Structure formats: C-alpha cells, structure tokens
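Below: the structure, in structure tokens.
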Amino acid sequence: MAIPPPTPPPPGRPGRTGQTGQTVRTALARPRYRLAAAAAVIVVAAAILVPILLLPGSKPNGATAGGNTSGGTSGGNASGGSGASGKSAAKGKTTSPGSAGASSTAAAPDVTHVAITPDKALTNPGGYVDSFSFTPNGKTLATADSTGAIRLWDVNTGASTPLPDPNRQGAFGVVVSPDGRTIAASAENGGKVYLWNAATRTFANTLPDPDQTTIDSIAFSPDSKTLAAASDDANVYLWNLASDSTIATLPAPRFCNHAYSAAFSPDGKTLAVNCMNGEIALWNIADRRVTALTDPNGLEGEAIAYSPNGKQLALGDHNGTTYLWNAASRTVAATLYEGQPGSSSVEDVAFSQDGGLLAAANFDGHTYVWSTVSHDLLSALADPGGDPVERVAFARDGKLLATGDDNGHIRLWHVAETVG
C-alpha cells in the first residue's frame, strides 16, 4: 500500500496580538506538519483493523476515509449559497474499532439524511466574525467581530443592534448564558470579561483577569452560575456570577502552553480546554485536578465542544481532522475528515441539540455536517465567496444553523433531519 507524503498545512488567517505581545489564534505560527512515520502507522493500522471490523458479528460502516469538523460562521448571500444535502457514499470518514453503534452515541438519533437550505445572509459591518452565540430561544444571534464590536442580530428580520462598549477597548469573544439572562464577552486586550444584561441590553459589570493577560475563550457552566475564562498563558479563571467574584484560578498544566477554547460538560463537572500543543486539559471542577488527552496527530486544536448528552467530546485540529472522543473512556471513537488530511484546518465545531449532527467550520471554505452515530458526511455547505469559514453554531431547537466567514458574512440555514 502506497503511503502518501505529508501535505503542507494551509495558510492561516492573521492572528490578533494581545497585551503581552503574544500573537493569539495565529494559524501561520502553529506547528501543523505531521511526520511521515506517523502517517505510516495510521495507514498500516487501518489496513489491519478494517478487515477485522468486517468479520461476521461486527457492524460494517462502509467507511474508508476520515472527516473533520470545526466551528465558524459562514457568510454570503442567501441566493449564492450552496447546500449539498443527502447521505454521502461513506466518503470522508474513519471509524475506529468498536465505535460503530457504541454506547457513547446510543442516546443520539441516527440521522440518515439532512436537508440544509439557505435562510438569509447577514453582512457584518465590522469585518470577520470572531465568535457568535444564539440566545436559548433561537431568536437572537450575538456576534463579536474583528473590530471588537458586539452586536445582537434578530434572526427573523436580519436587523442588528450594537451593545455598548463600556471601556471602548473592544471585545472579540462572546457567549450567551444557558438561561439567556447574561451576555459575556472577553476584552480585546487587558484580560477583562464584560457582562451585559440580555433583557435590557445594558452593561452590567467587568470581571478582571488577575494576571491581565488576553482571554482567548469564555464559557458558562450549564446552570449559568459560573463563568470560565481560558487565557493566553493557559491559566483558567472561574468566577461566581452571583457575586462577580473569583472562585478559583486553575494554573496552567505543564503540558498546556496556550489555551484556545474551553467548554463545560453538560453536567458541569468537567471543563475541557484545548491547548496549542495538541493537548486537551480536562479539569475536574470539584477537586481542581487535571488530566490530559492528546491529539493523535500531535497538533493543536482550534475548537472543542461537548455533545448535549455529555457522552462525546469533539476536537477540530489544524490537520483538517475532527476527533470524536468517548468522554467516559477518554478514547477516540471516530476520526472525521473531508478531502486529504493536512489540506485545511478545522476552525470551529458544534453539535445539534439532539446530538445527532456535528457541524465543522473549515478553512477550506466549507462547513461539513456529520452524523455522530454513523459518522457519515451528510452535507457540505460551500461559502458563496469561497472564503474560510471561521464559526458555526446550532440554535437550540436544531432547526437553524449559523455559519460565518472571515469576510464578515453570516449565513443562516434551515436544517431538516431524517432519522433512520
């Protein structure tokens, strides 16, 4: 079996420089080459394991390739978008032994077909959208763009309203609390997190980072009582939102040299933080202990997300690969990628609320939508302008998908599932 040479990584978008002078989220500066030996091990392992999976009694999945996911918002205009729907012929996925029909995905519906059609396009006046988040009722999309502005979009009318910037410093990460009462955004510089009252759309408070370093990612606990912030130096800060006081500082583990994104497990007991050097730090919130998961490619991940039932953890890396981890056993259940590994990078990942779909925003200008049960690629949404897709998110009802590209376009898509 011929082993292809490793593919050079794609160019990344410019990063932003924090107060410390360290470039944040800069794809050009990231280690993204794989060793040919690693590729050989993977290919040989696949050659050995696939025939075993197809023995009587095993569940064939028909898969021969891999796939990846990442989050982002893709933009463009509704008439110009393309949305491929229907089940692909097992293209672009690799399922590891025992993952087909595994208990980690038993609670998620087996989506066999998805029809995704354009709804409307929103053009952001402030450049590319760095992050966004739906309100729980799905009627509003909060966005943070490259100018540092926070805007609230009415998904029905397409109208937007900017939130007041209390310190005129700008913010680039935004998230809406699960109870819908609070909007939080991380400051462009200076290690601050801003809070707004979602009902009145007025500024509420500023949470200072004790180390005054750039905050790369923020996440609410499922009960909306705690806010976590992952910083440039890989420290994680926890705030009690009832008192706006710091609960704890989780010091950077030795294996984590820069934190990119953070996500709470649905039960609120674990905080996952992905690091620049290809590690995932899993923090036990109760005892403040940390364990590590390692990207099999040894590459950094840009995006991380828990499935709604907490049984799966998705990580998209800069080799264009998305890994589905079994959260209980902490083993890789499936490896997903579209095209050739190394041809692009995964920028964001998001699960649908029922857990049946995983969407990945890709730097190659597509958003890929996968079944979390069969691991089939169900749809590939092309950005109308071919721009890199940076962010992706599902509304809570699962019927609306938002994507955003690095040219400031946001696209809303209607999603209709068929369950097998």
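If each residue's Cβ is checked for other Cβ atoms within 10 Å, how do Thr372, Thr403, Thr157 rank with the fewest at the top?
By the 10 Å Cβ count, ascending: Thr157, Thr372, Thr403.
Please sort 318-327, 139-148 by packing, taking for each peptide the average over its residues of neighbouring beta carbons within 10 angstrom, highest first.
Highest mean packing first, the order is 318-327, 139-148.
Sort Arg330, Arg181, Arg254 so the one with the fewest other Cβ atoms within 10 Å of its own Cβ comes first.
Listing Arg330, Arg181, Arg254 from fewest to most nearby Cβ atoms yields Arg254, Arg330, Arg181.
For Asp397 and Thr200, compute 0.36 nm times the residue count separating them, minus their Cα-Cα distance, and round to one decimal in nm.
Working it through step by step, the gained length comes to 68.5 nm.
Using 30 Å as the Cα-Cα cut-off, could you pick out the over-long pairs in Lys192/Lys399; Lys120/Lys225; Lys225/Lys311?
Numbers: Lys192/Lys399 34 Å; Lys120/Lys225 34 Å; Lys225/Lys311 23 Å.
From the list (Lys192/Lys399; Lys120/Lys225; Lys225/Lys311), the Cα-Cα distance tops 30 Å for Lys192/Lys399; Lys120/Lys225.
So how far apart, in nm, are the two label points at Asn240 and Asp110 if each is 7 Å from Cα heading toward Cβ?
4.8 nm
Quick one: length gained pulling Arg181 to Thr418 fully straight, 0.36 nm per residue minus the C-alpha distance?
That pair, Arg181 and Thr418, stretches by 82.0 nm at full extension.
Please arrange Phe363, Phe134 by counting, for each residue, the other beta carbons lying within 10 Å of its beta carbon, fewest first.
Phe134, Phe363
Bear in mind that the values in this text are calculations on the coordinates, not laboratory data. Bear in mind the structure is a predicted one, so any value in this text is a computation, not a measurement. Neighbour counts are summed over all protein chains in view; Cβ atoms, including those assigned to glycine, are modelled from backbone coordinates with ideal geometry.
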